[in-house]
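Next up is a structure, given as structure tokens.
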Amino acid sequence: MLEQEISASVWSVAILCQPYASLSYVLPSYLPRQAWHPGMRVLVPMGKSNRLCCAVMERSVAATLTEKKLKSIFWPVEKEALLSTDYMEMLEKVAARQLASLGRVLASVLPASLRMVPDGWRDRNNKRIPFSSGWGNPEFLSRLAESWMQGELGIKKAGGKEPGLTLSCEPPWPIRPQARVQWAVMDLLYAHGPKTASSIRAELGRGSGKALQALKDKGLVCPHAHGDEPESKSLEARQDFFFSPQQEEALERLSSMLQQGFQSCLLHGITGSGKTFVYLDLARQSLESGRSAVILAPEIAIARQLYQHAGQYLPGADIYLHHGSKGPRSRENTFLELGLGKKPVLLIGTRSALFMPLQNTGLIVLDEEHDESFKQDQKLIYQAKEIAWYLAARENALLVLGSATPDVKTFHAAEKGDVNLVEMHSRIGQSILPQVDFVDLKQDPPVFGALAKTCAEALKETVRCGEQAVIMHNRRGYSPVLICESCSETVKCTACQVGLTYHKKRNRMVCHYCGISVSFPPTCGHCRGSEFIPVGQGTEKVEEFLARHLPDTAVLRLDRDSTRSQGRAEKILQDFAAGQAQVLVGTQMLSKGHSFPEVTLAIVLDGDLGLGLPDYRSSERIFQLLVQLSGRSGRGEKPGRVFIQTRNPGHFCWQYIRDCDYKSFYEQEISRRQKFGYPPFVRLGLIRFSFPDAWQGKSEFLAGLRRRAKQAAAGSGVTMLGPAPAVLSRLKNRERHQFLVKSRDWSGIKQAYLELRPLFDRYSQVRASLDLDPVNML
């Protein structure tokens with residue numbers, strides 16, 4: 001391997017694979033200084049074997065260790081830096097915020113194909129020259145360098161990836177219960193989507209190869225075809241759009257802010273007030289001024305709807321759609337086009353779209369800004385609102401946070417004057433907010449499946465009149481609990497100790513936390529019995545009951561199980577909007593921004609779900625969910641009604657939901673948070689850690705951790721509660737614990753975590769993470 005003495009030409013590079021560290025390398029002698037730039041992808045040798053890895057150049061560093069030798073960077077992957085200085089600076093701030101390495105952040109946000117080691121050089125005849133031909137041959141490398149600088153040598157991209165495999169049909173599947181490996185393959189693809197044959201073998205073992213071939217022969221598994229939308233699109237001429245006086249007033253104020261450099265604004269508009277086209281007209285103004293715009297949605301299905309609306313409202317504009325379910329080639333093309341493009345574009349997507357290298361941005365919008373999906377709490381932890389705020393400030397852009405039920409912290413900031421506030425108090429057109437009634441299940445118990453008499457009669461009347469209804473139940477599957485008839489024990493996941501949910505269509509019992517599934521009926525682990533009673537109702541059971549008992553009425557279901565295949569969610573929503581079904585049953589996916597003018601009835605089967613969670617945001621979460629769901633009813637010319645079934649009719653939230661009274665709810669909630677010391681009055685962090693449940697050293701580790709935590713709390717001036725078992729105390733055969741940390745500022749929380757990290761790092765069995773401003777306390 002080429003090595004040379006440290007000189008002034010030492011650079012720090014961020015490695016895009018394990019160990020994701022920033023390491024120092026020296027520039028090689030065979031390429032001139034002008035061939036290297038910060039933000040450029042390069043190939044570097046790693047480890048004793050000197051295997052090549054992809055890395056990104058950060059900056060030159062001072063040469064201080066004159067005795068040692070450093071390895072050379074081997075070769076640049078491109079001739080101009082892929083990542084701009086601004087982009088690198090943003091990722092460095094994300095890394096500092098999350099106490100992560102820059103390499104790990106880059107590996108999380110760059111498309112996979114841009115992190116791969118290329119196949120070699122490519123000469124002007126497009127002939128491949130392997131990188132291995134340059135090892136130990138400085139003269140050959142010097143000749144290649146000359147060709148590189150003259151533009152006669154390029155890089156050959158990595159070869160085509162192994163094709164993914166996917167399910168060719170929905171369950172039920174004709175597989176014998178004894179064919180366990182075939183079931184394991186089907187469960188894996190059903191739960192996680194397309195996978196390559198090699199990744200399936202890696203997860204399930206070599207024996208899965210025969211099972212996979214058998215499933216192909218049966219036609220149950222097939223190659224995955226990426227049905228991506230075009231990366232950009234222009235649709236037909238725009239229709240006539242008329243703004244209400246309220247929309248025009250909101251646009252007047254927001255348009256003024258758009259011209260004033262960095263501004264932030266909460267657009268607080270009730271459901272159906274027409275926020276979407278306010279966003280789109282702001283995007284039009286930004287594009288016409290020569291600046292790009294970004295609109296983020298909480299769900300892929302909502303982003304697709306925005307994409308369609310934008311194409312109709314802005315014909316001729318360059319509009320891109322980005323989300324995590326797009327294929328690798330599409331993601332790479334979008335990334336490169338946006339990074340190299342100079343024209344203003346409109347980018348629509350989910351939270352990850354913020355990491356596209358868009359240039360000269362004038363507008364950033366977060367629709368449904370309260371939604372928890374804007375926070376990523378696994379792998380790279382980040383809050384999209386924080387990234388959007390940083391980008392808007394850097395670009396001197398307008399940041400718009402839109403919602404009918406804003407995050408309490410966001411509304412508090414608006415109340416203090418830290419962000420502007422624009423309000424829209426009425427729906428567009430003739431529609432009005434629906435009447436909301438609560439049904440006390442103790443006085444009016446279920447008589448029609450899971451529906452109380454009041455709700456059943458309202459549903460039957462809605463169907464008889466030819467109108468539509470949505471029914472929300474936040475439990476997917478057929479039955480959430482199965483009880484052994486012999487010993488009355490519930491069936492639990494052996495790895496997580498939470499109840500397994502019965503999915504009738506698959507005839508499987510599934511853990512919704514680790515994904516383990518077993519065939520039904522199982523054998524009871526306590527008495528070896530095989531007779532079980534399904535208890536409770538999931539969306540699958542509700543759909544089945546209504547389809548059977550509402551004659552000549554089509555019923556659709558919208559939940560994670562029914563929308564696993566690509567494009568399935570959009571098809572369900574389109575079919576319902578087109579009137580091909582009168583009833584739509586679903587989970588909280590129903591509440592997110594959908595507009596169905598013919599829906600005149602919304603029913604919530606269990607309004608109490610989530611109220612008892614040990615989470616300071618539980619009341620806020622249920623208020624937002626039920627108000628948003630209520631907003632799906634009565635959006636057309638006909639008035640709407642909402643029924644919410646509850647066993648706790650005296651809960652303080654209900655009066656505010658009934659009146660759609662956000663401000664009164666906010667005043668109640670903000671006073672409680674101030675009294676008990678929760679955000680926005682303190683900074684909150686959650687230190688999560690886990691270890692194998694059979695680990696012999698856990699008692700010693702926990703004792704040492706408690707001692708260290710007392711010192712950390714005193715040294716950093718924070719309040720640390722814990723360590724305590726997490727609400728879900730066992731997942732995937734690992735015990736889960738956490739500290740809740742309160743502080744006046746973020747630096748105190750990070751300092752406390754840094755005090756504990758050496759102890760976490762000392763034990764290979766321990767996994768730990770820091771979540772700043774957590775939205776999920778489980």
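Are any residues in the range 600-615 more than 20 Å from Ala452 (Cα to Cα), in contact (Cβ under 8 Å) with a residue 60 or more places away in the chain and either small (Gly, Ala, Ser) or in a strand (DSSP E or B) (or both), and if so, which ones?
The answer is Gly610, and nothing else.
Continuing with the same structure: Go through Lys732, Lys663, Lys698 for me and flag whichever is modelled with pLDDT of 95 or more and either open to solvent by less than 40 Å² (accessible area, probe 1.4 Å) or not aliphatic (A, V, I, L, M) (or both). Give the derivation first.
Numbers: Lys732 fails: modelled with pLDDT of 95 or more; Lys698 fails: modelled with pLDDT of 95 or more.
Going through Lys732, Lys663, Lys698 in turn, the sole match is Lys663.
Does Tyr502 count as touching a residue at least 60 places away in the same chain (Cβ under 8 Å) and among the aromatic types (Phe, Trp, Tyr)? Before the answer, list the steps.
Values: touching a residue at least 60 places away in the same chain (Cβ under 8 Å): no; among the aromatic types (Phe, Trp, Tyr): yes.
No.
Identify, please: which residue in the range 155-200 is open to solvent by 30 Å² or more (accessible area, probe 1.4 Å) and among the charged types (D, E, K, R) and is, among those, modelled with the lowest pLDDT?
Residue satisfying both the conditions and the ranking: Lys161.
Among the residues of the range 615-652 satisfying the criterion of being within 28 Å of the chain's Cα centre (by Cα) and of a type in the set (A, V, I, L, M, F, W, C), which is nearest to Val599 (Cα to Cα)?
Here the answer is Leu629.
What residue, among those in the range 1-21 that are under 16 Å from Leu141 (Cβ atoms) and either at pLDDT 90 or above or aliphatic (A, V, I, L, M) (or both), is surrounded by the fewest Cβ atoms within 10 Å (Cβ to Cβ)?
My answer is Met1.
Further question: If a residue must be at pLDDT 95 or above and of a type in the set (Ser, Thr, Tyr), how many such residues does the range 353-375 contain?
So the answer is 1.
Show me the strands (runs of 3 or more DSSP E) found entirely inside the range 504-575 where at least 2 residues are open to solvent by 20 Å² or more (accessible area, probe 1.4 Å) and under 30 Å from Thr166 (Cα atoms). Working first, answer last.
Working: elements: 508-510, 517-519, 532-535, 555-558.
Hits in the range 504-575: 517-519, 555-558.
Which of the following residues is at pLDDT 85 or above, assigned to a loop (DSSP other than H, G, I, E, B) and touching a helix residue (DSSP H, G or I) at 6+ places or on another chain (Cβ under 8 Å): Phe243, Phe277? Outline the logic, then answer.
On the way: Phe277 fails: assigned to a loop (DSSP other than H, G, I, E, B).
Result of the check over Phe243, Phe277: Phe243.
Contact list please: Cβ distance under 6 Å, first residue in the range 442-461 and farther than 12 Å from Val604 by Cα, second residue open to solvent by 30 Å² or more (accessible area, probe 1.4 Å) and polar (S, T, N, Q), pairs at least six apart or on different chains.
Short answer, once both residue conditions are applied: Asp444/Thr454.
Follow-up. So is Thr410 open to solvent by less than 20 Å² (accessible area, probe 1.4 Å) and not in a helix (DSSP H, G or I) or not? Show your work before the answer.
Working: open to solvent by less than 20 Å² (accessible area, probe 1.4 Å): yes; not in a helix (DSSP H, G or I): no.
Considered against the rule, which asks whether it is open to solvent by less than 20 Å² (accessible area, probe 1.4 Å) and not in a helix (DSSP H, G or I), Thr410 comes out as no.
Here is a further query. Every residue in the range 22-59 that is among the hydrophobic types (A, V, I, L, M, F, W, C) and open to solvent by 30 Å² or more (accessible area, probe 1.4 Å), please.
Selection gives Leu23, Leu52.
Take Gln260 and tell me if it is part of a loop (DSSP other than H, G, I, E, B), surrounded by fewer than 22 Cβ atoms within 10 Å (Cβ to Cβ) and either over 25 Å from the mean Cα position of the chain (by Cα) or modelled with pLDDT under 95 (or both). If you could, list the steps in order and put the result at the bottom.
Working: part of a loop (DSSP other than H, G, I, E, B): yes; surrounded by fewer than 22 Cβ atoms within 10 Å (Cβ to Cβ): yes; either over 25 Å from the mean Cα position of the chain (by Cα) or modelled with pLDDT under 95 (or both): yes.
Taking the combined requirement at face value, the residue satisfies it.
Hey, could you check the range 376-400 for residues that are of a type in the set (Lys, Arg) and either more than 30 Å from Arg688 (Cβ to Cβ) or modelled with pLDDT of 95 or more (or both) and say which is surrounded by the fewest Cβ atoms within 10 Å (Cβ to Cβ)?
From the range 376-400, those of a type in the set (Lys, Arg) are 379, 385, 394; that's our starting set.
From what's left, either more than 30 Å from Arg688 (Cβ to Cβ) or modelled with pLDDT of 95 or more (or both): 385, 394.
On the way: Lys385: 23, Arg394: 14.
Here the residue is Arg394.
Looking at Gln497, is it at positive phi, in a loop (DSSP other than H, G, I, E, B) and in contact (Cβ under 8 Å) with a residue 40 or more places away in the chain? Walk me through it before giving the result.
Working: at positive phi: yes; in a loop (DSSP other than H, G, I, E, B): yes; in contact (Cβ under 8 Å) with a residue 40 or more places away in the chain: yes.
Yes, satisfied.
Turning to a different aspect of this structure: Enumerate the strands (runs of 3 or more DSSP E) found wholly within the range 707-778, keeping only those where 1 or more residues are over 27 Å from Ser373 (Cα atoms). Break it down stepwise before answering.
Values: elements: 719-731, 734-743, 767-772.
So the answer is 719-731.
Let me ask something additional. Restricting to the range 493-503, count the residues that are under 11 Å from Val518 (Cβ atoms) and open to solvent by 80 Å² or more (accessible area, probe 1.4 Å).
Number of matching residues: 1.
Within the range 81-103, how many residues turn out to be open to solvent by 40 Å² or more (accessible area, probe 1.4 Å) and either touching a Pro at 6+ places or on another chain (Cβ under 7 Å) or modelled with pLDDT under 90 (or both)?
So the answer is 2.
Here is a yes/no grid of residues against (1) over 30 Å from Glu540 (Cα atoms); (2) charged (D, E, K, R); (3) without any contact (Cβ under 8 Å) to a residue 60 or more places away in the chain:
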position: Arg143; (1), (2), (3): yes, yes, yes
position: Leu167; (1), (2), (3): no, no, no
position: Gln178; (1), (2), (3): no, no, yes
position: Tyr190; (1), (2), (3): no, no, no
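Of everything in the range 117-136 that's part of a loop (DSSP other than H, G, I, E, B) and either acidic (Asp, Glu) or buried (at least 19 other Cβ atoms within 10 Å of the Cβ) (or both), which residue is modelled with the lowest pLDDT? Don't jump to the end; show me each part of the working.
Just the residues of the range 117-136 that are part of a loop (DSSP other than H, G, I, E, B), to begin with: 117-119, 124-127, 130, 135-136.
Among the residues that remain, those that are also either acidic (Asp, Glu) or buried (at least 19 other Cβ atoms within 10 Å of the Cβ) (or both) are: 118-119.
On the way: Pro118: 90, Asp119: 87.
By that ranking, first place goes to Asp119.
Conditions tested, residue by residue: (1) surrounded by fewer than 18 Cβ atoms within 10 Å (Cβ to Cβ); (2) at pLDDT below 95.
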site	(1), (2)
Pro597	yes, yes
Ala602	no, no
Leu611	yes, yes
Gln628	no, yes
Gly631	no, yes
Gln645	no, no
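Can you spot a residue in the range 452-472 that is within 30 Å of Ala578 (Cα to Cα), at pLDDT below 90 and open to solvent by 10 Å² or more (accessible area, probe 1.4 Å)?
Initial filter on the range 452-472 (within 30 Å of Ala578 (Cα to Cα)): 452-472.
Among the residues that remain, those that are also at pLDDT below 90 are: none.
No: zero hits.
Moving on to the next point. Since Gly536 meets every condition but one in (1) small (Gly, Ala, Ser); (2) modelled with pLDDT of 90 or more; (3) within 26 Å of Phe448 (Cβ to Cβ); (4) over 28 Å from the mean Cα position of the chain (by Cα), which condition does it not meet?
(2)
Test Gly339 against the criterion of being out of contact with any strand residue (DSSP E or B) (no Cβ under 9 Å at 6 or more places or on another chain), surrounded by 24 or more Cβ atoms within 10 Å (Cβ to Cβ) and in contact (Cβ under 8 Å) with a residue 12 or more places away in the chain, and give yes or no. Before you say what the answer is, go through the steps one by one.
Numbers: out of contact with any strand residue (DSSP E or B) (no Cβ under 9 Å at 6 or more places or on another chain): yes; surrounded by 24 or more Cβ atoms within 10 Å (Cβ to Cβ): no; in contact (Cβ under 8 Å) with a residue 12 or more places away in the chain: yes.
So Gly339 does not fit the description; no.
The values are calculated or read from the model by the stated rules, or taken from the named source; none is laboratory data. Computed from a predicted model, the values in this text were never measured in an experiment. So basically every Cβ, Gly included, is an ideal-geometry build from the backbone, and we count neighbours across all protein chains shown. What goes into the accessible areas is simple: the full protein's heavy atoms, side chains included, and nothing from ligands, DNA or RNA. Shrake-Rupley method; radii C 1.70, N 1.55, O 1.52, S 1.80 Å.
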